[in-house]
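The values are calculated or read from the model by the stated rules, or taken from the named source; none is laboratory data. This one's a predicted model, so the numbers in the text were calculated from it and none came from an experiment. All Cβ positions, glycine included, derive from the backbone under ideal geometry; neighbour counts span all protein chains shown. Calculation scope for accessible area: heavy atoms of the full protein, side chains included, ligands and nucleic acids excluded. Shrake-Rupley method; radii C 1.70, N 1.55, O 1.52, S 1.80 Å.
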Amino acid sequence: MRTDYCAHLTAADVGRTVALAGWVNRRRDLGGITFVDLRDRTGLVQLFFPGDAEGLEQAHTLNREDVVRVTGTVTRRGEKNVNPDMATGEIEIQVNGLEILNRSKTPPFLVEGDGSDTTEETRLRFRYVDLRRESMQRNFLLRHRVFKTLRDYYSEEGFLEIETPFLTKSTPEGARDFLVPSRMAAGSFYALPQSPQLFKQLFMVGGIDRYFQLVRCFRDEDLRADRQLEFTQLDLEISFPDDKDDVLQHLEGAIARVFRETLSLELEIPFPRLTHAEAMARYGIDKPDLRYGMEIHDISYLVGDCGFRVFADAVAGGGKVAGILAEGCAGYSRSVLDGLQQTAVAAGAKGLAWLKVEESIVSPIAKFLSEEELSAIVESFGAKPGDLILLLAGHGIQAPLGELRRTVAARENLAEQGWNFLWVTDFPLFELDEAGQLTSSHHPFTSPRAEEIGKLQTDPLSIVSNAYDLVLNGIELGSGSIRIHDRALQEEIFRLLRISLEEAELRFGFFLRALEYGAPPHGGFALGIDRLVMLMAGEQSLRDVIAFPKTTTGFCPLTEAPMPVAKAQLDELGLSTG
Ligand code: ASP
């Protein structure tokens, strides 16, 4: 039907006869002559319809998004008609044949726009029109190339891509399951996988040795801009790793190649590493954005005996006094400082103390401290005139300091564009949930560090695990671990998580059994591909890199799913909606 893509044509094609097919981007009639910008997936080319040309009477009836096929000759535009803003701006097609393949209703929004002339709901309802927009075409080309590069890399490294079931049993990844009722076993349900975790571990028991999959996962969570009910992850697992570095290197290699082949960027590998404890102590968060510094600085040693009771008591009570230096922020108004105080309190701090370094030190707590104490604090932060010191005191001040650091950095626009990858390693094996009960920091299949196993009975919360996260610019991209491959240890972990033997057998019996049949040491990772592509594309929302996404209420404006179903269908499943 066509010989070329529109935007592949250049001045080198002048004189060629071509056939093109695509959508009418826009039509202009100028005194009997018609110009049309024709669009296909590559971009635009200008069509020129001479006024008297035979068979072209219909040219002036063309409307936006009509589908046409044209034949014509590539010609050079007159000098003053050259359009430097258009890739094909030096040429146009002198049309000699026009075929209208299909008409379009007036589109709900402009394809040539940036989407801001409509609502996102409308864009998603008419996603097939939205996908024609240049940024969408670019995003999905990028997405394809990321997938292809990952497949190439892992295939070349000897990994096998094998699918795992969607109709399966619950995998504990910390979210709610999507359930699918079984017709043949009425009253029973499959769960859609939150991840292929257990299956990939079974691949290792099955001797597959190196597995990867670009796989859809399902988690029934409340949605935010950076979550979707279904999402795609690069899932992988290897057997007999020397240590965790074996796994990390296979991520670094793949990501470096993806950036090289899709964005022509050379990333520096290996990525820097921080232990979880270091990340928390220095940045107050387990996914620090290292595009800026502003590290947490502990001044407990300076203020343990100072005249300000709040500080002295905090240190005496086993807590800490620590803060961050907000350079050049001494000009913050009272209301900005109140806002920062609210941020700190919302994150769990008792209050906020601030010191403005000006000609003298301006601070509500200055009157409680001696000149020497004040200058010792200022000096220990390396603060200069114009700087602001934010201080918190007590227990559990790391996370609130982390929040303050992020808030100030956002206000001051400190994060320069860049690709700051970071591994955070040595996560604790357990943490406490809202009810104060022991829960896995990652998932229950993560192994404790060998030298920590002895603490399982005595001090489980202090146990360091073989789990690691990958962070990009302060955003968690994925996580993984070296796994437990011993049934007794796995059972022990279940016991600590208050999963009884009966329940463990019911939920994970198939897996526990596999551990008894020659399970090799193994470990793996899962990387959120949607999020990676979103960041690479410079988009703010996952919905801009997922072809048919759901809204934040889990609704698909295109298909209008989810929907009620007919009673007969429910009856067949033995269900009633009450
Ligand atoms: N199953 C984990 C997840 O989906 C990743 C892993 O441990 O490999 O987050």
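For the pair Tyr128 and Arg69, a Förster radius of 30 Å applied to the C-beta separation gives a FRET efficiency near 0.95, rounded to the nearest 0.05.
If one computes P(r) from the Cα atoms of the chain, what percent of pairs lie at distances over 32 Å?
I get 61 percent for the Cα pairs in the chain exceeding 32 Å.
When both segment 66-86 and segment 488-510 are represented by their alpha-carbon centers, they are found 69 Å apart. Each Lys and Arg Cβ is given +1 and each Asp and Glu Cβ -1; about its Cα centre, the chain then shows a dipole of about 1520 debye. Selection among Ala488, Thr10, Phe166 by position relative to the dipole of the chain gives Thr10 as farthest towards the positive end (Cβ unit charges, Cα centre). Length gained on full extension, Gln569 to Glu268: 102.8 nm, using 0.36 nm per residue less the C-alpha separation. Span-like helix check, the chain: qualifying full DSSP H segments, with Cα axial length of 15 Å or more and mean Kyte-Doolittle of 0.0 or more, are 334-346, 371-381, 501-514.
As a fraction of the 1.4 Å probe accessible area of segment 29-172, surface on carbon and sulfur atoms comes out at 49 percent.
Under a point spin-label approximation (7 Å from Cα along Cα-to-Cβ), what is the Tyr5-Gln94 distance to one decimal in nm? In this crude spin-label approximation the distance works out to 2.8 nm. Roughly how many Å is it from the Cα centre of segment 330-344 to that of segment 168-208, as a whole number? First find each Cα centre; the distance between them is then 48 Å.
When the chain is fully extended, how far beyond the present Cα-Cα distance does Asn102 get from Asp305, taking 0.36 nm per residue of separation?
Details: separation 203, 0.36 × 203 = 73.08 nm, distance 8.24 nm.
Between Asn102 and Asp305, full extension yields an extra 64.8 nm.
A simple count of charges around Ile377, restricted to other residues whose Cβ falls under 15 Å of its Cβ and scoring Lys, Arg +1 and Asp, Glu -1, yields -4.
Annotation: for a label point projected 7 angstrom from Cα along Cα→Cβ of Glu503, residues of segment 427-442 with backbone N closer than 13 Å are 437-440.
Starting from 0.36 nm per residue, how many nanometres of slack lie between Asp222 and Arg257 once their C-alpha separation is accounted for? Could you put the intermediate results ahead of the total?
Working: separation 35, 0.36 × 35 = 12.60 nm, distance 3.37 nm.
Here the segment from Asp222 to Arg257 would lengthen by 9.2 nm.
Would any residue of segment 320-340 have its amide N under 15 Å from a label point 7 Å out along Cα→Cβ of Ala376? List them or say none. Answer for segment 320-340: 321-322. In straight-distance terms, cross-link reach from Lys350 covers every one of the lysines whose alpha-carbon lies under 24 Å from its own, apart from those fewer than eight places away in the same chain; here that gives Lys287, Lys320, Lys367.
All Cα-Cα separations within segment 1-105 were binned at 10 Å from zero, giving a P(r) of 16, 55, 28, 1, each value a whole percent of the pairs.
Tell me which of Ile100, Gly89, Ser116 sits at the most positive position along the dipole axis of segment 51-191, charges placed on C-beta atoms (Lys, Arg +1; Asp, Glu -1). Checking the options against the dipole of segment 51-191, the answer is Ser116. Amide H contacts of Leu429: Ile463, Val464, Ser465, each under 5 Å away and 5 or more positions distant or on a separate chain (H built 1.01 Å from N in the peptide plane; Pro and chain starts excluded).
Averaging Cα coordinates gives a centre for segment 100-132 and one for segment 511-530; these two points are 45 Å apart. Taking trypsin sites (Lys or Arg not before Pro) across segment 490-559, the ones in a DSSP loop with at most 11 further Cβ atoms lying within 10 angstrom of their Cβ are Arg498. For Ile33, no residue has an amide H sitting under 5 Å from its own, ignoring neighbours fewer than 5 places away on the same chain, with H placed 1.01 Å from N.
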